[in-house]
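To keep things clear, I will list the structure first and then write my remarks on it.
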Amino acid sequence: MQGFGDAFGAAFALIARFDTDLVEIVGLSLRVTLSATLFACLIGFPLGALLAVGRFPLRGALTVLVNALMGLPPVVVGLVVYLMLSRAGPLGTLGLLYTPTAMIVAQTILVTPIIAALTRQIVADLDAEYHETLRSMGAGAGMRMRTLLWDGRFALTTAALAGMGRALAEVGAVMIVGGNIDHVTRVMTTAIALETSRGELALALGLGIVLMILSLALNSLAMGARVGAARMAHA
Amino acid sequence: MLRLVATGPGPDAAIRLEGVSLRRGGRMVLDGLHLAIPATGITAIMGPNGAGKSLSLRVMAGLIEPDSGSVLPSEAVRGRQEIALVFQKPVLLRRSVRANLRHALAVYGVPRRKRRERLGELLDFGRLAAIADAPARALSGGEQQRVAMVRALAACPKLLLLDEPTASLDPQATAAIETLILNTAASGTAVVIVTHDQGQAGRLADHIRFVHKGALTEAAPAAQFLLAQKSPEAQAYLAGKLLL
(Lines give C-alpha, C1' and ligand atoms only; values in the text may rest on other atoms or scores of the structure.)
Protein backbone atom coordinates (compact mmCIF):
# COMPACT_ATOMS: atom_id res chain seq x y z
CA MET A 1 0.00 0.00 0.00
CA GLN A 2 1.48 3.31 -1.05
CA GLY A 3 1.41 6.37 1.13
CA PHE A 4 -1.14 9.05 0.26
CA GLY A 5 1.49 11.54 -0.91
CA ASP A 6 3.35 8.91 -2.93
CA ALA A 7 0.13 7.84 -4.61
CA PHE A 8 -0.67 11.44 -5.61
CA GLY A 9 2.85 11.95 -6.93
CA ALA A 10 2.69 8.75 -8.97
CA ALA A 11 -0.76 9.68 -10.24
CA PHE A 12 0.37 13.08 -11.51
CA ALA A 13 3.41 11.41 -13.10
CA LEU A 14 1.09 9.03 -14.98
CA ILE A 15 -1.00 11.92 -16.24
CA ALA A 16 2.04 14.05 -17.12
CA ARG A 17 3.63 11.35 -19.27
CA PHE A 18 0.31 10.34 -20.86
CA ASP A 19 0.63 6.77 -19.61
CA THR A 20 -0.65 4.49 -22.35
CA ASP A 21 -2.90 2.46 -20.04
CA LEU A 22 -4.39 5.61 -18.60
CA VAL A 23 -4.92 7.17 -22.04
CA GLU A 24 -6.51 3.96 -23.33
CA ILE A 25 -8.92 3.80 -20.39
CA VAL A 26 -9.82 7.48 -20.63
CA GLY A 27 -10.29 7.13 -24.38
CA LEU A 28 -12.64 4.16 -24.03
CA SER A 29 -14.56 5.94 -21.27
CA LEU A 30 -15.11 8.95 -23.48
CA ARG A 31 -16.06 6.77 -26.45
CA VAL A 32 -18.66 4.85 -24.43
CA THR A 33 -19.98 7.93 -22.65
CA LEU A 34 -20.21 10.14 -25.73
CA SER A 35 -21.84 7.38 -27.79
CA ALA A 36 -24.38 6.64 -25.06
CA THR A 37 -25.13 10.35 -24.64
CA LEU A 38 -25.57 10.77 -28.39
CA PHE A 39 -28.02 7.86 -28.61
CA ALA A 40 -29.82 9.03 -25.48
CA CYS A 41 -30.19 12.51 -27.03
CA LEU A 42 -31.53 11.03 -30.27
CA ILE A 43 -34.19 9.20 -28.25
CA GLY A 44 -34.66 11.59 -25.32
CA PHE A 45 -35.08 14.89 -27.18
CA PRO A 46 -38.02 13.82 -29.36
CA LEU A 47 -39.52 11.72 -26.55
CA GLY A 48 -39.36 14.64 -24.13
CA ALA A 49 -40.79 17.03 -26.73
CA LEU A 50 -43.61 14.58 -27.50
CA LEU A 51 -44.46 14.33 -23.80
CA ALA A 52 -44.47 18.13 -23.56
CA VAL A 53 -46.46 18.92 -26.69
CA GLY A 54 -48.36 15.77 -27.62
CA ARG A 55 -51.89 15.03 -26.53
CA PHE A 56 -52.42 11.28 -26.40
CA PRO A 57 -53.76 8.66 -23.98
CA LEU A 58 -51.47 7.71 -21.07
CA ARG A 59 -49.29 10.78 -21.59
CA GLY A 60 -49.45 11.56 -17.89
CA ALA A 61 -48.56 8.00 -16.93
CA LEU A 62 -45.67 7.96 -19.40
CA THR A 63 -44.39 11.25 -18.00
CA VAL A 64 -44.46 9.85 -14.46
CA LEU A 65 -42.67 6.72 -15.68
CA VAL A 66 -39.92 8.69 -17.43
CA ASN A 67 -39.45 10.86 -14.35
CA ALA A 68 -39.27 7.77 -12.15
CA LEU A 69 -36.73 6.14 -14.45
CA MET A 70 -34.33 9.01 -13.81
CA GLY A 71 -33.48 7.24 -10.58
CA LEU A 72 -32.98 3.88 -12.24
CA PRO A 73 -30.38 1.85 -10.27
CA PRO A 74 -27.41 1.21 -12.58
CA VAL A 75 -26.88 -2.33 -11.32
CA VAL A 76 -30.46 -3.23 -12.18
CA VAL A 77 -29.98 -1.86 -15.70
CA GLY A 78 -26.72 -3.76 -15.93
CA LEU A 79 -28.43 -6.95 -14.81
CA VAL A 80 -31.29 -6.59 -17.30
CA VAL A 81 -28.94 -5.82 -20.19
CA TYR A 82 -26.74 -8.74 -19.07
CA LEU A 83 -29.72 -11.11 -19.17
CA MET A 84 -30.74 -9.81 -22.61
CA LEU A 85 -27.25 -10.14 -24.08
CA SER A 86 -26.11 -13.33 -22.34
CA ARG A 87 -25.97 -16.49 -24.40
CA ALA A 88 -29.34 -17.70 -23.13
CA GLY A 89 -30.91 -14.26 -23.55
CA PRO A 90 -33.05 -13.10 -26.48
CA LEU A 91 -30.18 -11.08 -27.96
CA GLY A 92 -27.44 -13.58 -27.05
CA THR A 93 -26.74 -14.44 -30.67
CA LEU A 94 -25.44 -10.93 -31.27
CA GLY A 95 -22.43 -11.71 -29.10
CA LEU A 96 -22.35 -8.26 -27.56
CA LEU A 97 -21.80 -9.16 -23.92
CA TYR A 98 -18.48 -7.90 -22.52
CA THR A 99 -18.02 -5.46 -25.39
CA PRO A 100 -18.04 -1.65 -25.42
CA THR A 101 -21.28 -1.88 -27.41
CA ALA A 102 -22.99 -3.58 -24.46
CA MET A 103 -21.71 -0.81 -22.20
CA ILE A 104 -23.08 1.82 -24.59
CA VAL A 105 -26.47 0.05 -24.59
CA ALA A 106 -26.58 -0.04 -20.78
CA GLN A 107 -25.56 3.60 -20.43
CA THR A 108 -28.02 4.69 -23.11
CA ILE A 109 -30.81 3.05 -21.10
CA LEU A 110 -29.62 4.82 -17.97
CA VAL A 111 -29.20 8.25 -19.51
CA THR A 112 -32.24 8.42 -21.83
CA PRO A 113 -34.81 9.00 -19.03
CA ILE A 114 -32.69 11.83 -17.61
CA ILE A 115 -32.46 13.59 -20.95
CA ALA A 116 -36.11 12.88 -21.83
CA ALA A 117 -37.41 14.18 -18.49
CA LEU A 118 -35.31 17.35 -18.60
CA THR A 119 -36.27 17.88 -22.24
CA ARG A 120 -39.95 17.54 -21.38
CA GLN A 121 -39.66 20.26 -18.76
CA ILE A 122 -37.62 22.59 -20.97
CA VAL A 123 -39.92 22.17 -23.96
CA ALA A 124 -43.07 22.51 -21.82
CA ASP A 125 -41.81 25.81 -20.40
CA LEU A 126 -41.04 27.09 -23.88
CA ASP A 127 -44.36 25.84 -25.21
CA ALA A 128 -46.19 27.90 -22.60
CA GLU A 129 -44.65 30.96 -24.23
CA TYR A 130 -44.94 29.90 -27.89
CA HIS A 131 -48.19 27.95 -27.81
CA GLU A 132 -50.64 30.61 -28.95
CA THR A 133 -48.32 32.02 -31.59
CA LEU A 134 -47.59 28.64 -33.14
CA ARG A 135 -51.28 27.70 -32.98
CA SER A 136 -52.26 30.93 -34.70
CA MET A 137 -49.78 30.08 -37.45
CA GLY A 138 -51.39 26.68 -37.86
CA ALA A 139 -48.23 24.75 -36.93
CA GLY A 140 -48.89 21.04 -36.47
CA ALA A 141 -47.53 18.97 -33.60
CA GLY A 142 -44.43 17.90 -35.55
CA MET A 143 -43.54 21.46 -36.51
CA ARG A 144 -44.17 22.66 -32.97
CA MET A 145 -41.86 19.99 -31.58
CA ARG A 146 -39.11 20.87 -34.06
CA THR A 147 -39.51 24.59 -33.36
CA LEU A 148 -39.42 24.17 -29.59
CA LEU A 149 -36.45 21.78 -29.68
CA TRP A 150 -34.46 24.19 -31.83
CA ASP A 151 -35.33 27.27 -29.80
CA GLY A 152 -34.59 25.38 -26.60
CA ARG A 153 -31.25 24.16 -27.91
CA PHE A 154 -29.13 25.97 -25.35
CA ALA A 155 -31.12 24.72 -22.40
CA LEU A 156 -31.16 21.25 -23.97
CA THR A 157 -27.37 21.30 -24.02
CA THR A 158 -27.57 21.40 -20.25
CA ALA A 159 -29.83 18.34 -20.32
CA ALA A 160 -27.36 16.50 -22.55
CA LEU A 161 -24.48 17.44 -20.26
CA ALA A 162 -26.39 16.23 -17.22
CA GLY A 163 -26.88 12.90 -18.96
CA MET A 164 -23.24 12.76 -19.96
CA GLY A 165 -22.17 13.43 -16.40
CA ARG A 166 -24.28 10.53 -15.21
CA ALA A 167 -22.82 8.22 -17.87
CA LEU A 168 -19.26 9.27 -17.14
CA ALA A 169 -19.58 8.60 -13.42
CA GLU A 170 -21.50 5.34 -13.76
CA VAL A 171 -19.84 2.11 -12.62
CA GLY A 172 -22.38 -0.59 -11.78
CA ALA A 173 -23.95 -1.23 -15.16
CA VAL A 174 -20.75 -1.09 -17.20
CA MET A 175 -19.04 -3.40 -14.71
CA ILE A 176 -21.75 -6.04 -15.17
CA VAL A 177 -22.15 -5.90 -18.95
CA GLY A 178 -18.56 -4.94 -19.78
CA GLY A 179 -16.78 -7.20 -17.35
CA ASN A 180 -13.93 -4.72 -16.79
CA ILE A 181 -11.68 -6.61 -19.22
CA ASP A 182 -8.22 -5.06 -19.59
CA HIS A 183 -7.70 -3.36 -22.98
CA VAL A 184 -11.27 -4.27 -23.99
CA THR A 185 -13.93 -2.90 -21.67
CA ARG A 186 -12.01 -1.21 -18.87
CA VAL A 187 -13.21 2.33 -18.32
CA MET A 188 -12.26 4.92 -15.72
CA THR A 189 -14.83 4.03 -13.08
CA THR A 190 -14.35 0.26 -13.27
CA ALA A 191 -10.57 0.67 -13.36
CA ILE A 192 -10.66 2.90 -10.27
CA ALA A 193 -12.74 0.29 -8.43
CA LEU A 194 -10.36 -2.51 -9.45
CA GLU A 195 -7.08 -0.69 -8.82
CA THR A 196 -8.28 0.51 -5.42
CA SER A 197 -9.21 -3.03 -4.40
CA ARG A 198 -5.74 -4.16 -5.48
CA GLY A 199 -4.05 -1.36 -3.56
CA GLU A 200 -2.65 0.21 -6.74
CA LEU A 201 -3.60 3.72 -5.81
CA ALA A 202 -1.49 5.60 -8.37
CA LEU A 203 -3.51 4.58 -11.42
CA ALA A 204 -6.75 4.78 -9.44
CA LEU A 205 -5.93 8.30 -8.30
CA GLY A 206 -4.70 9.33 -11.74
CA LEU A 207 -7.97 8.17 -13.26
CA GLY A 208 -9.87 9.81 -10.44
CA ILE A 209 -8.15 13.12 -11.12
CA VAL A 210 -8.91 12.86 -14.84
CA LEU A 211 -12.51 11.96 -14.02
CA MET A 212 -12.81 14.99 -11.78
CA ILE A 213 -11.27 17.24 -14.43
CA LEU A 214 -13.71 15.91 -17.05
CA SER A 215 -16.61 16.33 -14.64
CA LEU A 216 -15.52 19.89 -13.90
CA ALA A 217 -15.18 20.60 -17.61
CA LEU A 218 -18.70 19.26 -18.20
CA ASN A 219 -20.14 21.44 -15.46
CA SER A 220 -18.32 24.47 -16.85
CA LEU A 221 -19.83 23.71 -20.22
CA ALA A 222 -23.26 23.36 -18.63
CA MET A 223 -22.90 26.72 -16.92
CA GLY A 224 -21.75 28.29 -20.18
CA ALA A 225 -24.79 26.82 -21.92
CA ARG A 226 -27.08 28.23 -19.26
CA VAL A 227 -25.56 31.69 -19.62
CA GLY A 228 -25.89 31.40 -23.39
CA ALA A 229 -29.52 30.34 -23.03
CA ALA A 230 -30.28 33.29 -20.78
CA ARG A 231 -28.68 35.65 -23.27
CA MET A 232 -30.57 34.08 -26.15
CA ALA A 233 -33.84 34.39 -24.24
CA HIS A 234 -33.51 38.13 -24.72
CA ALA A 235 -31.93 37.85 -28.11
CA MET B 1 -77.91 49.18 -24.26
CA LEU B 2 -78.71 48.94 -27.95
CA ARG B 3 -77.56 45.68 -29.50
CA LEU B 4 -77.13 45.37 -33.21
CA VAL B 5 -77.89 42.10 -34.89
CA ALA B 6 -77.53 42.87 -38.57
CA THR B 7 -74.03 44.15 -39.16
CA GLY B 8 -72.38 45.50 -42.24
CA PRO B 9 -72.67 44.24 -45.74
CA GLY B 10 -73.75 40.62 -45.62
CA PRO B 11 -72.48 39.14 -48.87
CA ASP B 12 -69.26 41.21 -48.82
CA ALA B 13 -68.18 40.14 -45.35
CA ALA B 14 -64.82 38.40 -45.00
CA ILE B 15 -66.04 36.78 -41.81
CA ARG B 16 -69.16 36.99 -39.67
CA LEU B 17 -69.73 36.19 -36.03
CA GLU B 18 -73.37 35.35 -35.43
CA GLY B 19 -74.65 35.32 -31.89
CA VAL B 20 -71.27 34.33 -30.48
CA SER B 21 -71.24 33.89 -26.73
CA LEU B 22 -68.35 32.96 -24.50
CA ARG B 23 -68.20 32.59 -20.74
CA ARG B 24 -64.93 32.87 -18.86
CA GLY B 25 -64.55 32.60 -15.10
CA GLY B 26 -68.31 32.71 -14.61
CA ARG B 27 -68.60 35.96 -16.58
CA MET B 28 -70.13 36.41 -20.01
CA VAL B 29 -67.25 37.96 -21.97
CA LEU B 30 -68.90 37.68 -25.38
CA ASP B 31 -72.63 38.00 -25.18
CA GLY B 32 -74.39 37.08 -28.40
CA LEU B 33 -71.92 39.06 -30.48
CA HIS B 34 -72.97 39.71 -34.09
CA LEU B 35 -70.10 41.10 -36.09
CA ALA B 36 -69.42 41.26 -39.82
CA ILE B 37 -65.99 42.22 -41.10
CA PRO B 38 -65.98 43.75 -44.59
CA ALA B 39 -63.92 41.86 -47.16
CA THR B 40 -61.97 44.96 -48.14
CA GLY B 41 -60.35 47.86 -46.35
CA ILE B 42 -59.49 48.35 -42.72
CA THR B 43 -61.98 47.72 -39.95
CA ALA B 44 -61.28 49.09 -36.50
CA ILE B 45 -62.86 47.41 -33.51
CA MET B 46 -63.17 49.91 -30.68
CA GLY B 47 -64.50 49.73 -27.18
CA PRO B 48 -63.44 49.99 -23.56
CA ASN B 49 -61.14 47.53 -21.81
CA GLY B 50 -62.82 44.18 -21.22
CA ALA B 51 -65.37 44.77 -23.97
CA GLY B 52 -64.37 41.53 -25.75
CA LYS B 53 -62.42 43.05 -28.65
CA SER B 54 -59.34 40.86 -28.37
CA LEU B 55 -61.43 37.79 -27.61
CA SER B 56 -63.49 38.36 -30.74
CA LEU B 57 -60.22 38.39 -32.76
CA ARG B 58 -59.19 35.09 -31.18
CA VAL B 59 -62.57 33.62 -32.00
CA MET B 60 -62.23 34.78 -35.62
CA ALA B 61 -58.74 33.28 -35.78
CA GLY B 62 -60.05 29.95 -34.52
CA LEU B 63 -57.99 30.03 -31.34
CA ILE B 64 -61.06 30.02 -29.12
CA GLU B 65 -64.17 27.96 -29.66
CA PRO B 66 -67.25 29.96 -28.60
CA ASP B 67 -69.76 28.38 -26.24
CA SER B 68 -72.54 29.18 -28.68
CA GLY B 69 -73.10 31.04 -31.94
CA SER B 70 -71.43 30.68 -35.30
CA VAL B 71 -68.23 31.83 -36.92
CA LEU B 72 -68.86 32.11 -40.64
CA PRO B 73 -65.82 32.83 -42.79
CA SER B 74 -66.43 33.68 -46.41
CA GLU B 75 -65.21 31.30 -49.11
CA ALA B 76 -62.08 33.41 -49.54
CA VAL B 77 -60.92 33.09 -45.94
CA ARG B 78 -62.00 29.53 -45.25
CA GLY B 79 -58.50 28.03 -45.37
CA ARG B 80 -56.51 27.78 -42.14
CA GLN B 81 -53.84 30.15 -43.44
CA GLU B 82 -56.19 32.71 -44.92
CA ILE B 83 -56.59 34.36 -41.52
CA ALA B 84 -53.51 35.63 -39.69
CA LEU B 85 -53.41 37.09 -36.21
CA VAL B 86 -50.81 39.40 -34.71
CA PHE B 87 -50.84 39.68 -30.95
CA GLN B 88 -50.44 42.83 -28.90
CA LYS B 89 -47.24 41.41 -27.42
CA PRO B 90 -45.74 39.40 -30.24
CA VAL B 91 -43.74 36.29 -29.41
CA LEU B 92 -40.82 35.98 -31.77
CA LEU B 93 -38.65 32.90 -31.94
CA ARG B 94 -35.15 32.91 -30.45
CA ARG B 95 -33.63 33.40 -33.87
CA SER B 96 -32.72 36.14 -36.28
CA VAL B 97 -35.40 38.12 -38.11
CA ARG B 98 -34.56 36.23 -41.29
CA ALA B 99 -34.84 32.87 -39.52
CA ASN B 100 -38.17 33.88 -38.01
CA LEU B 101 -39.57 34.63 -41.45
CA ARG B 102 -38.00 31.48 -42.91
CA HIS B 103 -39.67 29.46 -40.16
CA ALA B 104 -43.03 31.05 -40.95
CA LEU B 105 -42.64 30.22 -44.63
CA ALA B 106 -41.91 26.60 -43.68
CA VAL B 107 -44.95 26.46 -41.36
CA TYR B 108 -47.14 27.90 -44.11
CA GLY B 109 -45.93 25.24 -46.50
CA VAL B 110 -44.20 27.52 -49.02
CA PRO B 111 -42.08 25.24 -51.24
CA ARG B 112 -38.34 25.41 -50.49
CA ARG B 113 -37.43 26.69 -53.94
CA LYS B 114 -39.73 29.69 -53.50
CA ARG B 115 -38.74 30.56 -49.94
CA ARG B 116 -35.67 32.65 -50.77
CA GLU B 117 -37.58 34.85 -53.20
CA ARG B 118 -40.56 35.19 -50.86
CA LEU B 119 -38.23 35.97 -47.96
CA GLY B 120 -36.71 38.83 -49.94
CA GLU B 121 -40.16 40.18 -50.74
CA LEU B 122 -41.19 40.07 -47.10
CA LEU B 123 -38.01 41.80 -45.90
CA ASP B 124 -38.53 44.52 -48.49
CA PHE B 125 -42.22 44.91 -47.70
CA GLY B 126 -41.54 45.33 -43.99
CA ARG B 127 -38.37 47.38 -44.54
CA LEU B 128 -36.55 44.79 -42.47
CA ALA B 129 -33.54 44.14 -44.71
CA ALA B 130 -31.20 46.20 -42.53
CA ILE B 131 -32.05 44.16 -39.43
CA ALA B 132 -32.55 40.81 -41.15
CA ASP B 133 -29.69 39.12 -39.33
CA ALA B 134 -30.28 40.70 -35.92
CA PRO B 135 -31.62 38.50 -33.10
CA ALA B 136 -35.35 39.13 -33.27
CA ARG B 137 -35.88 39.35 -29.54
CA ALA B 138 -33.18 41.98 -29.14
CA LEU B 139 -35.07 44.44 -31.36
CA SER B 140 -37.13 47.38 -30.11
CA GLY B 141 -40.84 46.89 -29.48
CA GLY B 142 -41.77 48.60 -32.73
CA GLU B 143 -39.34 46.54 -34.77
CA GLN B 144 -40.56 43.33 -33.14
CA GLN B 145 -44.14 44.27 -33.97
CA ARG B 146 -43.13 44.91 -37.59
CA VAL B 147 -41.44 41.52 -37.76
CA ALA B 148 -44.56 39.90 -36.28
CA MET B 149 -46.76 41.60 -38.86
CA VAL B 150 -44.53 40.63 -41.76
CA ARG B 151 -44.35 37.08 -40.38
CA ALA B 152 -48.14 36.95 -40.42
CA LEU B 153 -48.12 38.17 -44.01
CA ALA B 154 -45.84 35.30 -45.00
CA ALA B 155 -49.00 33.22 -45.34
CA CYS B 156 -50.48 35.73 -47.82
CA PRO B 157 -53.64 35.90 -45.70
CA LYS B 158 -56.89 37.31 -46.99
CA LEU B 159 -57.72 38.60 -43.54
CA LEU B 160 -55.18 40.08 -41.13
CA LEU B 161 -56.22 40.51 -37.50
CA LEU B 162 -54.20 42.97 -35.41
CA ASP B 163 -54.66 43.17 -31.67
CA GLU B 164 -53.59 46.66 -30.58
CA PRO B 165 -50.42 46.51 -32.65
CA THR B 166 -49.18 49.96 -31.62
CA ALA B 167 -50.01 49.85 -27.92
CA SER B 168 -47.13 51.43 -25.95
CA LEU B 169 -45.09 52.22 -29.07
CA ASP B 170 -43.49 55.59 -29.70
CA PRO B 171 -44.80 57.81 -32.56
CA GLN B 172 -42.05 56.76 -35.01
CA ALA B 173 -42.68 53.07 -34.43
CA THR B 174 -46.44 53.66 -34.61
CA ALA B 175 -46.03 55.47 -37.93
CA ALA B 176 -44.00 52.57 -39.34
CA ILE B 177 -46.64 50.05 -38.27
CA GLU B 178 -49.46 52.18 -39.66
CA THR B 179 -47.68 52.48 -43.00
CA LEU B 180 -47.37 48.71 -43.06
CA ILE B 181 -51.06 48.32 -42.26
CA LEU B 182 -52.07 50.73 -45.05
CA ASN B 183 -49.78 48.97 -47.54
CA THR B 184 -51.23 45.61 -46.52
CA ALA B 185 -54.78 46.83 -47.00
CA ALA B 186 -53.81 48.40 -50.33
CA SER B 187 -52.51 45.02 -51.49
CA GLY B 188 -56.03 43.59 -51.09
CA THR B 189 -55.88 42.02 -47.63
CA ALA B 190 -58.78 42.87 -45.35
CA VAL B 191 -57.41 44.18 -42.06
CA VAL B 192 -59.05 44.24 -38.66
CA ILE B 193 -57.38 46.34 -36.00
CA VAL B 194 -58.34 46.52 -32.37
CA THR B 195 -57.53 49.99 -31.11
CA HIS B 196 -58.31 52.39 -28.30
CA ASP B 197 -56.87 55.27 -30.25
CA GLN B 198 -59.49 57.48 -31.94
CA GLY B 199 -56.79 59.23 -33.91
CA GLN B 200 -55.48 55.94 -35.21
CA ALA B 201 -58.97 54.82 -36.14
CA GLY B 202 -59.38 58.08 -38.06
CA ARG B 203 -56.03 57.67 -39.83
CA LEU B 204 -56.51 54.05 -40.81
CA ALA B 205 -60.04 52.73 -40.64
CA ASP B 206 -62.63 52.53 -43.36
CA HIS B 207 -65.16 50.86 -41.05
CA ILE B 208 -65.65 50.89 -37.31
CA ARG B 209 -67.30 48.36 -35.05
CA PHE B 210 -67.94 49.47 -31.48
CA VAL B 211 -68.13 46.70 -28.92
CA HIS B 212 -69.27 46.99 -25.31
CA LYS B 213 -69.81 44.24 -22.74
CA GLY B 214 -69.25 41.51 -25.32
CA ALA B 215 -71.81 42.77 -27.80
CA LEU B 216 -71.82 45.04 -30.82
CA THR B 217 -73.40 48.40 -30.15
CA GLU B 218 -72.55 50.27 -33.32
CA ALA B 219 -71.28 49.54 -36.83
CA ALA B 220 -70.65 52.36 -39.27
CA PRO B 221 -68.24 53.77 -41.84
CA ALA B 222 -65.31 55.32 -39.98
CA ALA B 223 -65.86 58.90 -41.11
CA GLN B 224 -69.49 58.76 -40.09
CA PHE B 225 -68.81 57.09 -36.74
CA LEU B 226 -66.07 59.47 -35.72
CA LEU B 227 -68.24 62.44 -36.61
CA ALA B 228 -71.40 61.38 -34.84
CA GLN B 229 -71.94 58.22 -32.85
CA LYS B 230 -75.44 56.84 -32.58
CA SER B 231 -75.11 54.71 -29.49
CA PRO B 232 -74.79 56.38 -26.08
CA GLU B 233 -71.97 53.96 -25.17
CA ALA B 234 -69.87 55.05 -28.16
CA GLN B 235 -70.65 58.69 -27.46
CA ALA B 236 -69.56 58.33 -23.87
CA TYR B 237 -66.43 56.39 -24.85
CA LEU B 238 -65.31 58.93 -27.40
CA ALA B 239 -66.07 61.72 -24.96
CA GLY B 240 -63.53 60.14 -22.66
CA LYS B 241 -66.04 58.99 -20.06
CA LEU B 242 -65.60 55.76 -18.18
CA LEU B 243 -67.95 53.06 -19.39
CA LEU B 244 -68.91 50.91 -16.44
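Please specify each residue of the range A:144-160 satisfying the condition of being open to solvent by less than 20 Å² (accessible area, probe 1.4 Å) and either more than 12 Å from every other protein chain (Cβ to nearest Cβ) or in a helix (DSSP H, G or I) (or both). Answer for the range A:144-160, where residues must be open to solvent by less than 20 Å² (accessible area, probe 1.4 Å) and either more than 12 Å from every other protein chain (Cβ to nearest Cβ) or in a helix (DSSP H, G or I) (or both): A:THR147, A:LEU148, A:ASP151, A:LEU156, A:ALA159, A:ALA160. When residues in the range B:42-78 are screened for being more than 14 Å from every other protein chain (Cβ to nearest Cβ), within 25 Å of B:GLN200 (Cβ to Cβ) and surrounded by fewer than 18 Cβ atoms within 10 Å (Cβ to Cβ), 2 of them pass. Contact map, the range B:54-74: first residue acidic (Asp, Glu), second residue in a strand (DSSP E or B) and open to solvent by 30 Å² or more (accessible area, probe 1.4 Å), Cβ cut-off under 8 Å, separation 6 or more or different chains; pairs are B:ASP67/B:ARG23.
Considering only the range B:174-182, I want to know if a residue exists there that is within 14 Å of another protein chain (Cβ to nearest Cβ) and charged (D, E, K, R).
The answer is no; no qualifying residue exists.
The residues of the range A:29-54 that are of a type in the set (Val, Ile, Thr) and open to solvent by 10 Å² or more (accessible area, probe 1.4 Å) amount to a single one, A:ILE43. Does the range B:84-105 contain any residue that is within 22 Å of the chain's Cα centre (by Cα), among the small types (Gly, Ala, Ser) and within 12 Å of chain A (Cβ to nearest Cβ)? Yes, the conditions are met somewhere in the range B:84-105. Figure legend. Inter-residue proximity from the range B:30-42: first residues assigned by TED's automatic domain parsing to the domain that holds B:VAL71 and more than 15 Å from B:MET60 (Cβ to Cβ), second residues among the hydroxyl-bearing types (Ser, Thr, Tyr) and at pLDDT 95 or above, beta-carbon distance below 6 Å, spacing 6+ or different chains. Indicated pairs: B:ASP31/B:SER21; B:GLY32/B:SER21. The lone criterion from (1) under 26 Å from A:GLY71 (Cβ atoms); (2) without any contact (Cβ under 8 Å) to a residue 40 or more places away in the chain; (3) surrounded by fewer than 20 Cβ atoms within 10 Å (Cβ to Cβ) left unmet by A:ILE213 is number (1). Of the residues screened, A:ALA167 is not one that is within 25 Å of A:GLN121 (Cα to Cα), assigned to a loop (DSSP other than H, G, I, E, B) and either without any contact (Cβ under 8 Å) to a residue 40 or more places away in the chain or not charged (D, E, K, R) (or both). Checked against the criterion of being β-branched (Val, Ile, Thr), out of contact with any Lys or Arg (no Cβ under 6 Å at 6 or more places or on another chain) and open to solvent by 40 Å² or more (accessible area, probe 1.4 Å), the range A:126-143 has no qualifying residue. Helices (runs of 4 or more DSSP H) fully within the range A:1-97 that include at least 1 residues being closer than 17 Å to A:ALA162 by Cβ and under 21 Å from the mean Cα position of the chain (by Cα): A:20-53, A:59-69, A:74-85.
Mind telling me which of the residues A:ALA128, A:ALA139 ends up being within 14 Å of chain B (Cβ to nearest Cβ), outside any helix (DSSP H, G or I) and over 24 Å from the mean Cα position of the chain (by Cα)?
A:ALA139
Please indicate, with yes or no, whether at least one residue in the range A:177-186 is surrounded by fewer than 20 Cβ atoms within 10 Å (Cβ to Cβ) and β-branched (Val, Ile, Thr). The answer is yes; a qualifying residue exists. Looking at A:THR119, is it among the β-branched types (Val, Ile, Thr) and farther than 22 Å from A:PRO74 by Cβ? It is false that A:THR119 is among the β-branched types (Val, Ile, Thr) and farther than 22 Å from A:PRO74 by Cβ. Scanning the range B:119-144 for residues that are touching a residue at least 24 places away in the same chain (Cβ under 8 Å), open to solvent by 50 Å² or more (accessible area, probe 1.4 Å) and more than 14 Å from chain A (Cβ to nearest Cβ) returns B:PHE125, B:ARG127.
The values are calculated or read from the model by the stated rules, or taken from the named source; none is laboratory data. All figures in this text were calculated on a predicted structure; none of them were measured in a lab. Virtual Cβ from ideal backbone geometry, glycine too; neighbours counted across all protein chains shown. Heads up: the accessible areas ignore ligands, DNA and RNA and are worked out on the full protein's heavy atoms, side chains in. Shrake-Rupley method; radii C 1.70, N 1.55, O 1.52, S 1.80 Å.
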